[in-house]
Amino acid sequence: MKTSTDELLVFVTVIDAGSITAAAEKLQQTVSGVSRALTRLEKQLGVALILRTTRRLQLTEEGELFLERARAILAAMADAEEAVTRHRERPSGRLRVDAATPFMLHCIVPHVTAFTGHYPEIQLELTNNERIVDLLEQRVDIAIRIGALQDSTMHARALGTSRLRIVASPDYLAAHGTPQSVAALREHRLIGFTAPAHLNRWPLRGDGEGEATGTAQGGETGYTIEPALRASSGETIRQLVLAASGIACLSDFLTTADREAGRLVTVLDDALLEARQPIHAVYYRSAALAARVQCFLAFIGGRLQLDA
């Protein structure tokens, strides 16, 4: 009996989901059905692919080798199936887009209704990750990356840049005063990131008291803070600032609407350095995906209010 693509999909999904139960839910199958498919696959191959324990699943050496081949086969089949429909006037098929939660909420979600209305045959799937994801492992078609790109074999399209500013709520400043110098920040409650460390280096000129360290964009010195509060997501930090919990350094794409509405104000503008976060969309080139990727990037890129 030959191995079927359904069994390959079950195997890969179990590994990606982390458990048979999670894979069954994702595939909309029964747990027993997924388990039988795995057992059938291993019997056909004559080897154990996964070591099952009560706590976790672990790939065998044969499983590691087979997983790599299974992913390649499934990807090739998806390309082959979708290439057949490339001649259609309108792009179609699944498109998975991943971005950090703040960018997803403020820059992509507001345009989803318009996009799906314009391209009803594209099944859009959105995922949020605060850290960089492996596109192949997570089966992501487009990932939005904020900050300098690392060397990569992936293709990248620049979407623009977003300036960093120091912001606080009027309520916080009314209660604690407005800092008039960089040194005065030591008297305030500062909100920063759990990681990476460079996000806690604010683009401010040093005040000559040894607080200036590192570099901001353009090689200028920046001010490294010691946060009183830390969060892993810029959206969480934004909400904390709106709740008058302290002062933070955030990107314009997160705060423009708040500043225009008066919910947030900038501080230390005279000491602010010119620092902009580059924003890119990264993806692997695929003949089958090309139409969907390009129409999404063109559509979203034309609506983002980012600096060119």
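The values are calculated or read from the model by the stated rules, or taken from the named source; none is laboratory data. Note that the structure is a prediction, hence the values are computed from the model and not measured. Glycine also receives a Cβ, built like all others from the backbone with ideal geometry; neighbour counts cover every protein chain displayed.
Results, tabulated for the structure shown:
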{"item": "Conditions (1) surrounded by fewer than 20 Cβ atoms within 10 Å (Cβ to Cβ); (2) in contact with a Phe, Trp or Tyr (Cβ under 8 Å, 6 or more places away or on another chain); (3) over 16 Å from Ala174 (Cα atoms); number of the one not met by Phe253", "result": "(1)"}
{"item": "Counted residues, segment 209-241 - those being at pLDDT 90 or above, closer than 15 Å to Ser181 by Cα and not in a strand (DSSP E or B)", "result": "1"}
{"item": "Enumeration of residues in segment 247-262 that are hydrophobic (A, V, I, L, M, F, W, C) and part of a helix (DSSP H, G or I)", "result": "Phe253, Leu254, Ala257, Ala261"}
{"item": "Qualifying residue in segment 172-194 (condition: modelled with pLDDT of 85 or more, under 15 Å from the mean Cα position of the chain (by Cα) and under 23 Å from Asp252 (Cβ atoms))", "result": "no"}
{"item": "Failed item, numbered, when Ala24 is tested on (1) surrounded by 19 or more Cβ atoms within 10 Å (Cβ to Cβ); (2) over 18 Å from Gln138 (Cα atoms)", "result": "(2)"}
{"item": "In segment 112-130, the residues that are assigned to a helix (DSSP H, G or I) and surrounded by 15 or more Cβ atoms within 10 Å (Cβ to Cβ)", "result": "Phe115"}
{"item": "Odd one out for Val109 among (1) touching a helix residue (DSSP H, G or I) at 6+ places or on another chain (Cβ under 6 Å); (2) not in a loop (DSSP other than H, G, I, E, B)", "result": "(1)"}
{"item": "Only one of Ala244, Ala281 that is of a type in the set (Gly, Ala, Ser), in a strand (DSSP E or B) and surrounded by 14 or more Cβ atoms within 10 Å (Cβ to Cβ)", "result": "Ala281"}
